Amino acid sequence: MATATTTTFHMACKFITSTPLNYQNLPPSSQIILPLYNLHSNSLNNLQSTSSTTCRRRVSPVYNAVKAEESLQYKTSPPVSSKLVLVIGASGGVGQLVVASLLNRNIKARLLVRDPEKARTLFGEQDEDKLQVYKGDTRNPEDLDPSIFEGVTHVICCTGTTAFPSRRWDGDNTPERVDCDGAKNLISALPSSLKRVVLVSSVGVTKFNELPWSIMNLCGVLKYKKMGEDCLINSGLPYTIIRPGRLTDGPYTSYDLNTLLKATAGERRAVVIGQGDKLVGEVSRLVVAEACLQALDIECTEGQIYEINSVKGEGPENNKDRWEELFRAATVQ
Ligand SMILES: NC(=O)c1ccc[n+]([C@@H]2O[C@H](COP(=O)([O-])OP(=O)(O)OC[C@H]3O[C@@H](n4cnc5c(N)ncnc54)[C@H](OP(=O)(O)O)[C@@H]3O)[C@@H](O)[C@H]2O)c1
């Protein structure tokens, strides 16, 4: 028993110390991100709150990294899509990979971000018909103006904050406010015409009272994520919830995104999907981003919740049929 408890404790410690908890001793996220993407110094001070902003075409390292990755898979440029995907949390680890892939696939993206300048530096200058940036904080219902959702066909929400107190909680940006209140505000503001809403949550949300999850949940992150999930489930909107294991290979762990993405794609391509909150493990952010994009188009994922891990080996890449197979195989009848 003592051994089992010790093992569980070590597992919990490993999980926790390798999650955003350890960001609390790092410089603010902006300072981590800035050297990563060769930020440009142009100011976007003229941006208006809740007004659309054109990002003019300019070279962007994160966009190029994903483009290089995907160019191996696309023989010709993909046709322009009729979708308009709203991404919330677009400046985060998963979110920026989602946006870069949307751009690369000619899918129109609209971003709701707290800091439009960050979005511009991440994604470069793009035509307004490809990328629109709105300023907003999901904790503030008044930021979620109906104009933001006009024309939007699909939504991917990958907002989050650290599980434990850190600088990213500054200004009351806690799990309760982001994962619960923010998610609820957003979901309440979404139009019923949407074709799909994908929410990135976490494994362990149904077990926040059990070890090792109860340690992770000391400040309530899993409980509040579950409340956000429940709000979406009860909203009547067509949803898919993606619950990642511990995220790896994110931009926070390397200062060279090109190298990082190549290494990530090379080593952790194989995807493991489960249901019932039984999966424990790690998953590449690139795989989570791809799962979100694929779920938009795969009918059987509607109304479903999936846990996702990735391991070394060959994966589905961006092949819809292979993703559909994976989702179908995981879906409990
Ligand atoms: N780290 C892990 O091991 C792990 C494990 C399982 C699940 N998850 C979850 O997976 C998701 C993606 O994780 P990640 O590491 O890629 O995320 P991340 O890098 O922490 O990014 C979070 C995003 O949420 C945005 N955000 C935070 N508060 C906001 C607010 N009040 N209003 C609007 N946007 C807000 C951030 O914007 P700013 O740039 O303005 O801060 C950022 O774009 C998160 O929900 C996370 O909790 C993480």
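The values are calculated or read from the model by the stated rules, or taken from the named source; none is laboratory data. Since the model is a prediction, treat every value here as computed from it, not as a measurement. Cβ coordinates were reconstructed from backbone atoms using ideal geometry, including for glycine residues, and neighbour counts include every protein chain displayed.
Numbers for the structure displayed
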| quantity | calculated |
| --- | --- |
| Odd one out for LEU247, checked against (1) within 11 Å of the ligand (Cβ to nearest atom); (2) at pLDDT 95 or above | (2) |
| Of residues in segment 279-291 being part of a helix (DSSP H, G or I) and of a type in the set (Gly, Ala, Ser), the one surrounded by the most Cβ atoms within 10 Å (Cβ to Cβ) | ALA291 |
| Conditions (1) touching a Ser or Thr at 6+ places or on another chain (Cβ under 7 Å); (2) assigned to a helix (DSSP H, G or I): number failed by THR206 | (1) |
| Filter pass, ILE187 being touching a residue at least 40 places away in the same chain (Cβ under 8 Å), within 23 Å of ARG110 (Cα to Cα) and either surrounded by fewer than 19 Cβ atoms within 10 Å (Cβ to Cβ) or within 13 Å of the ligand (Cβ to nearest atom) (or both) | no |
| Sole residue being surrounded by 22 or more Cβ atoms within 10 Å (Cβ to Cβ), over 22 Å from VAL113 (Cβ atoms) and near the ligand (Cβ under 9 Å from one of its atoms), chosen from VAL178, VAL221, VAL203 | VAL203 |
| Failed item, numbered, when LEU103 is tested on (1) in contact with a Cys (Cβ under 7 Å, 6 or more places away or on another chain); (2) more than 16 Å from the ligand (Cβ to nearest atom) | (1) |
| Tabulated pairs, segment 292-304, first within 10 Å of LYS195 (Cα to Cα) and part of a helix (DSSP H, G or I), second modelled with pLDDT of 95 or more and charged (D, E, K, R), C-beta under 6 angstrom, 6+ apart or interchain | LEU296/ARG196 |
| Number of the exception - THR162 against (1) within 12 Å of the ligand (Cβ to nearest atom); (2) part of a loop (DSSP other than H, G, I, E, B); (3) closer than 24 Å to ILE107 by Cβ; (4) at pLDDT below 95 | (3) |
| Filter result for SER71 (more than 16 Å from the ligand (Cβ to nearest atom) and modelled with pLDDT of 90 or more) | no |
| Criterion violated by VAL98 - all others in (1) in contact (Cβ under 8 Å) with a residue 60 or more places away in the chain; (2) more than 17 Å from ALA289 (Cβ to Cβ) satisfied | (2) |
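The rows are residues; the columns are (1) assigned to a loop (DSSP other than H, G, I, E, B); (2) free of Cβ contacts under 8 Å to residues at least 60 places away in the same chain; (3) more than 11 Å from the ligand (Cβ to nearest atom); (4) over 18 Å from LEU102 (Cα atoms).
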site	(1), (2), (3), (4)
ALA119	no, no, no, no
GLU125	yes, no, yes, no
GLN132	no, no, yes, no
ARG139	yes, yes, no, yes
GLY151	yes, no, yes, no
